[in-house]
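A short write-up of the structure that comes next.
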Amino acid sequence: MRQHINIYVLFMTLLTAFSVVSCDDFLKTMPESSYSAAGSYQSQADFDYAIAGVYAAQQNLYQSNSCWFRLMIARSDDTRNGATYTYGVDQFSDSDNVEHLTSGWQNLWTMINRCNLILDKIDAIDFKDSDRKSHIKGEAYALRAWAYYTLAWQFGGMPLIDHELTVSETKSVVRSSQEETFAFAEADYKKAIDLLPASWTGTDLGRVTKYAAEGGLARLYMFQSKFSAAKHYLKDIIDSGLYAMEEDYVNCFTDSHDNGKERVWEVQFTGNLSGEGQAFSTGMLPEGYKDAVLMPFSGYSTAMQVSLAMVDAYEQGDLRKDVSIVTDLTINGAVESKYHYILKYCHYDAYTPQTQSDWANNIPILRYTDVKMMYAECLNEEGYVANGEAFTILNEVRGRAGLPALVSSTISDQNAFRKAIIQERRVEFAFEGLRWNDLVRWGIAQEVINKHFLDEDEGGGRYSMDGEYREIFAIPFDELSRYNNKNIMWQNPGY
């Protein structure tokens, strides 16, 4: 069986041993005397359990058929609009009451709260292993940075809280700007990079590393168009020699290659009916489909369908298409040829899931191919070079997909190469939750989404992204209600 940090077991041990009060709601009302878990952090083992609790909260964002990650895919033009469990996110009619955005917000703040507790308490405790102490601190900084960055690009500026607070104290911290929140995450990532190991081994495999933190920081810089700053960290990952592109695209997602050379940062799952599997993969295929070739049980009625524009985005002969998309499924005894479904997360050869929620496939946060493609983008933004290193990287990605190389005679300037990057990222990272982030950071979200909605299959203009304000989501109503103070926590403009 694949070895990695057993998040579920460690976190359940943490709950049992410490009787920790749940903080799934960022500002959930509770007696302030029970909000602190100060007495729980007394030994090295306690902090091992505590950091596992942070990973568990991150895992919740990717684990189910109705999770936050599903909405990140639905927000883009990768899928057809109108799927269930999307609450208008795919049609840009969402407001402040989207259930899975609210739960995503809560899990991200749970990560921050748990990291703050660790960082508050850890320096006062003697560890048998001083390196372990530094590494856990680094993990807490990296995971807090990831949570703050994710909240900032999706919801805007956040209250910046770096230590344990009571509920009433928390309610007094005013929202900062998006730029200030990014700066906070940037500083955390830099602290993490100085503390984390280059790699983990044995039962620790899968924990965040120095290079995962560098990749997270680079992605933050890319969102801000700080290409030279991102390039530095991307190059460090490339020069580490620890990563390489998988020879076969399918192995970027197959369970036997979890924690392999392509995976810089991924969310960990384990099968064997351990309670630590995921159901997200089941939700990719429709109810009524059951075939041991793809998965040995029925999918869900809520399965998202691939947009026709996404299907058409693949060039003829692109090997990634059949890895990522499937059609002509036999559903309830009849072949369904009209619709296409997401196959990317249903590849397994090491462990066969036993139930709908028992998938052992990890879900990538950052693949090495993304590191290289961001690096190529940085090179081009610094200055177009005909048939230069950026071309080499892009052609390596295309070569794995079975496509011909791009050359400067047809990609003849910086803008043409930007367009090539946009196209290649779309098909390489389809359904990986990156498309919406990319559209926003490139400043083309409204243009692309409204063109998408003109397609007859997407409503023929019935829907629209009605303003740039929708580049960020509404602050959840539950959170505004808990604050009940518009001078501290206010709704984003337009909602």
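Just so it is clear, none of the values below were taken in a lab; they were calculated from the coordinates. Remember, predicted model here, so these are calculated numbers, not experimental data. Virtual Cβ from ideal backbone geometry, glycine too; neighbours counted across all protein chains shown.
In debye to the nearest 20, how big a dipole does the chain give about its Cα centre with +1 on each Lys and Arg Cβ and -1 on each Asp and Glu Cβ? Don't skip to the answer; put the middle values down first.
Numbers: 44 positive and 68 negative charges, 86 e Å.
For this selection, approximately 420 debye.
What are the semi-axes of the equivalent ellipsoid for segment 402-495, taken as the square roots of 5 times the Cα gyration tensor eigenvalues, largest first, in whole Å?
Here the semi-axes work out to 36, 17, 13 Å.
With θ set to phi - 60° and the Karplus curve 6.51 cos²θ - 1.76 cosθ + 1.60, what are the ³J(HN,Hα) couplings of segment 171-180 in order, to the nearest whole Hz, using x for Gly and Pro?
5, 9, 8, 6, 3, 8, 7, 4, 5, 5
Can you give the angle from 0 to 90° between the axis of helix 44-60 and the longest principal axis of the chain, with both taken from C-alpha atoms, to the nearest 10?
40
For segment 250-358, what is the charge dipole size about the Cα centre, in debye to the nearest 20, if Lys and Arg each add +1 at the Cβ and Asp and Glu each add -1 at the Cβ? Display every interim value, and only then the final one.
Values: 7 positive and 15 negative charges, 17 e Å.
Magnitude of the dipole: close to 80 debye.
Considering the alpha-carbon set of segment 168-213 alone, what are its Rg and its Dmax in angstrom?
Taking only Cα atoms of segment 168-213, I get Rg and Dmax of 15.3, 44 Å.
Against the longest alpha carbon principal axis of the chain, how many degrees, from 0 to 90 and to the nearest 10, is the axis of helix 445-454 turned?
The angle comes out at about 50 degrees.
Treating only the Cβ atoms of Lys and Arg (+1) and Asp and Glu (-1) as charged, compute the dipole magnitude of segment 82-150 about its Cα centre; round to the nearest 20 debye.
With only Lys, Arg, Asp and Glu charged at Cβ, the dipole is about 360 debye.
Run the numbers on segment 173-322 and let me know its relative contact order in percent, using alpha-carbon pairs under 8 Å that are six or more apart.
Computed value for segment 173-322: 13 percent relative contact order.
Could you tell me which of N81, H100, I125 has its Cα farthest along the dipole of segment 42-130 towards the positive end, charges placed at Cβ (Lys, Arg +1; Asp, Glu -1), taken about the Cα centre?
N81
At 7 Å along the Cα-to-beta-carbon direction for both S301 and E99, put a label point, then send me their distance in nm to one decimal.
Here the answer is 1.3 nm between the modelled labels.
Hey, if you put +1 on the Cβ of every Lys and Arg and -1 on every Asp and Glu Cβ in the chain, which of A145, L242, L379 ends up farthest toward the positive end of that dipole?
Comparing the listed Cα positions along the dipole, A145 ranks first.
Considering Cα pairs under 8 angstrom that are at least six residues apart, work out the relative contact order of the chain and quote it in whole percent.
Computed value for the chain: 18 percent relative contact order.
Which of the aspartates and glutamates could a cross-linker span from K128 if the Cα-Cα distance has to be under 15 Å and same-chain partners fewer than 8 positions apart are dropped?
Cα-Cα hits under 15 Å: D46, D48.
In degrees between 0 and 90, to the nearest 10, how far off the longest principal axis of the chain does helix 389-400 point, with axes built from Cα atoms?
Relative to the chain, helix 389-400 is tipped by roughly 80 degrees.
Assuming 0.36 nm per residue, please report the length gained on full extension of the stretch D312 to F477 beyond their Cα-Cα distance.
Difference between extended and current length: 55.6 nm.
For segment 198-357, what does the convex hull of the Cα positions come to per residue, in cubic angstrom?
151
Taking the Cα-to-Cβ direction at V174 and at L454 and moving 7 Å from each Cα, how far apart do the two end points lie in nm?
In this crude spin-label approximation the distance works out to 4.4 nm.
Just to verify a number: FRET efficiency for R132 and T201, C-beta to C-beta distance, R0 = 22 Å, to 0.05?
After rounding to 0.05, the efficiency reads 0.95.
Under the definition of Cα pairs under 8 Å and six or more residues apart, what whole-number percent is the relative contact order of segment 248-303?
On the way: 49 pairs, mean separation 12.1, N = 56.
Reported as a whole number, the value is 22 percent.
Take the alpha carbon gyration tensor of the chain, find the square roots of its eigenvalues, order them as a ≥ b ≥ c, and report rounded if a/c is under 1.5; if not, report prolate when a/b exceeds b/c, else oblate.
Because its axes are fairly even, with a/c under 1.5, the chain counts as rounded.
On a 20 Å Cα-Cα criterion, which of the cross-link pairs K121/K171; K137/K190; K231/K344; K226/K451 come out too long?
In this structure, K121/K171; K231/K344; K226/K451 exceed 20 Å between Cα atoms.
Compare the Cα positions of I422, G388, S40 along the charge dipole of the chain (+1 at Cβ of Lys, Arg; -1 at Cβ of Asp, Glu; about the Cα centre) and return the one farthest towards the positive end.
The Cα lying farthest towards the positive end belongs to S40.
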